[in-house]
Amino acid sequence: MKMTQKNCLDKEHCQKNVPKEMEYSFEKQNKAFEAYFTTGEFARLCKVKKQTLFHYDEIGIFSPEIKKENGYRYYSYNQLEVFQVISVLKEMDMPLKSIKEYLNHRSPEDLIDLLSDKIKEIDRKMEDLNWLKNMLKTKVRLTQDALKVTTGTVMTEELSEDEYFLATPYNGTEDAKKMAQAIAGHLNLCHDLDIYSAYSIGGMIPTSKIPNETDYNYSHFYTKLSGNEIHAVNHKKPRGRYAVIYHWGGFDTAIADYARLTKYVAAEGYSMGEFFYEDVILDELSMKGYDNYVLKISVKLLY
């Protein structure tokens with residue numbers, strides 16, 4: 001039966017005049033699409049942006065089950081599990097290209113290999129994070145201790161255990177550029193040996209060359225080592241009693257406190273060990289500029 005345009009606009013008329021087999025086909029199709037999700041619905045379910053789904057489709061890693069000619073996309077409920085697999089692998093820092101390759105060739109054996117490798121990777125990351133946590137805790141403790149010191153006054157401290165250093169010799173002058181190059185070389189050596197200490201780089205000065213206005217020369221630069229870095233030890237600061245002075249004002253004004261320290265040692269009837277040890281206890285991490293650094297200068301007392 002031929003329908004006029006007017007009749008087609010009449011919904012009730014159209015419904016009455018649609019053949020039964022066509023009416024059944026429409027109903028079946030509508031019910032089928034009720035089991036699918038639009039891109040927006042699927043994105044909300046998976047808590048991602050629609051652009052993420054578009055990108056996944058573009059690179060061929062995850063596509064909608066149905067793509068209509070009008071551009072509409074539909075995802076099925078069983079694709080939720082596939083998307084969750086992709087999300088889990090992404091959480092494992094697996095690149096999308098590798099995820100795509102895995103999905104295309106997945107097997108129980110491949111899963112075992114993949115997860116075993118990831119467990120090892122996580123273990124390494126946990127070790128690194130644990131090391132970083134301990135280093136930060138050490139830095140907090142050192143900084144808290146530094147805030148309690150009195151500067152400009154000589155005192156004695158007992159070093160109850162030997163301290164172990166990685167020390168590099170320095171044969172240059174007090175020229176700032178040469179010292180910077182030597183310190184950079186020392187840092188590079190530390191990194192090559194996987195040493196990343198919470199302690200600032202220290203300097204050793206022979207007590208036979210007490211710093212003065214014309215002579216302030218280091219013989220070594222050093223990094224204090226912790227227990228798991230003992231493999232790199234090449235110098236030991238021996239236990240015992242030390243004369244100590246804390247200096248505020250950076251390196252340029254430290255000469256006066258070196259003089260106070262050596263005067264105290266002589267007045268108390270002691271002689272000095274082989275080296276002055278100069279540690280920076282408040283450095284650029286907490287103080288702005290060399291002029292505000294706090295130094296700890298110590299020398300072993302010998303009877």
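Data for the structure
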quantity: Breaking point among (1) at pLDDT 90 or above; (2) assigned to a loop (DSSP other than H, G, I, E, B), for VAL82; calculated: (2)
quantity: Test: residue in segment 210-232 that is more than 25 Å from MET135 (Cβ to Cβ) and in a helix (DSSP H, G or I); calculated: no
quantity: Sole exception among (1) surrounded by 10 or more Cβ atoms within 10 Å (Cβ to Cβ); (2) outside any loop (DSSP other than H, G, I, E, B); (3) among the polar types (S, T, N, Q) for GLN144, by number; calculated: (1)
quantity: Selection within segment 274-293 - within 20 Å of SER197 (Cβ to Cβ) and either assigned to a loop (DSSP other than H, G, I, E, B) or among the β-branched types (Val, Ile, Thr) (or both); calculated: VAL280, ILE281, ASP283, GLU284, LEU285, SER286, MET287, TYR293
quantity: Residues satisfying the stated conditions in segment 147-160, i.e. touching a Phe, Trp or Tyr at 6+ places or on another chain (Cβ under 9 Å) and either open to solvent by 90 Å² or more (accessible area, probe 1.4 Å) or of a type in the set (A, V, I, L, M) (or both); calculated: VAL149, VAL154, MET155, GLU158, LEU159
quantity: Subset of segment 173-195 (residues that are assigned to a loop (DSSP other than H, G, I, E, B), surrounded by 13 or more Cβ atoms within 10 Å (Cβ to Cβ) and not aliphatic (A, V, I, L, M)); calculated: GLU174
quantity: Residue, most open to solvent (accessible area, probe 1.4 Å), within segment 271-286, restricted to residues that are of a type in the set (Asp, Glu) and more than 16 Å from HIS220 (Cβ to Cβ); calculated: GLU284
quantity: One residue from TYR164, TYR170 being without any contact (Cβ under 8 Å) to a residue 60 or more places away in the chain and either within 19 Å of ASP215 (Cβ to Cβ) or open to solvent by 30 Å² or more (accessible area, probe 1.4 Å) (or both); calculated: TYR170
quantity: Only one of TYR75, TYR102 that is in contact with a Leu (Cβ under 9 Å, 6 or more places away or on another chain) and either aliphatic (A, V, I, L, M) or closer than 29 Å to GLU121 by Cβ (or both); calculated: TYR102
quantity: Residues of segment 43-76 classified as over 28 Å from ILE119 (Cα atoms), of a type in the set (Phe, Trp, Tyr), at pLDDT 90 or above and not in a helix (DSSP H, G or I), total; calculated: 2
quantity: Residue within segment 255-270 that is touching a residue at least 60 places away in the same chain (Cβ under 8 Å) and open to solvent by less than 10 Å² (accessible area, probe 1.4 Å) present; calculated: yes
quantity: Sole residue being closer than 20 Å to LEU159 by Cβ and acidic (Asp, Glu), chosen from ASP291, ASP215, ASP257; calculated: ASP257
quantity: Members of segment 93-141 that are more than 30 Å from ALA198 (Cβ to Cβ) and open to solvent by 80 Å² or more (accessible area, probe 1.4 Å); calculated: LYS97, GLU101, ASN104, HIS105, ARG106, PRO108, GLU109, ILE112, ASP113, ASP117
quantity: Identity of the residue in segment 196-253, among the aliphatic types (A, V, I, L, M) and open to solvent by 60 Å² or more (accessible area, probe 1.4 Å), that ends up farthest from the chain's Cα centre (by Cα); calculated: ILE210
quantity: Of all residues in segment 36-54 being within 30 Å of LYS120 (Cβ to Cβ) and either in contact with a Phe, Trp or Tyr (Cβ under 7 Å, 6 or more places away or on another chain) or not hydroxyl-bearing (Ser, Thr, Tyr) (or both), the one that is least open to solvent (accessible area, probe 1.4 Å); calculated: CYS46
quantity: Subset of segment 287-303 [without any contact (Cβ under 8 Å) to a residue 40 or more places away in the chain and loosely packed, with under 14 Cβ neighbours inside 10 Å]; calculated: LYS288, GLY289, LEU302, TYR303
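The values are calculated or read from the model by the stated rules, or taken from the named source; none is laboratory data. The structure presented is a predicted model; accordingly, all values stated were derived computationally and were not measured. When we count neighbours, we look across all protein chains shown, and the Cβ atoms used for this are built from the backbone with ideal geometry, even at glycine. Side chains are part of the model used for accessible areas, which takes the heavy atoms of the whole protein and leaves out ligands, DNA and RNA. Shrake-Rupley method; radii C 1.70, N 1.55, O 1.52, S 1.80 Å.
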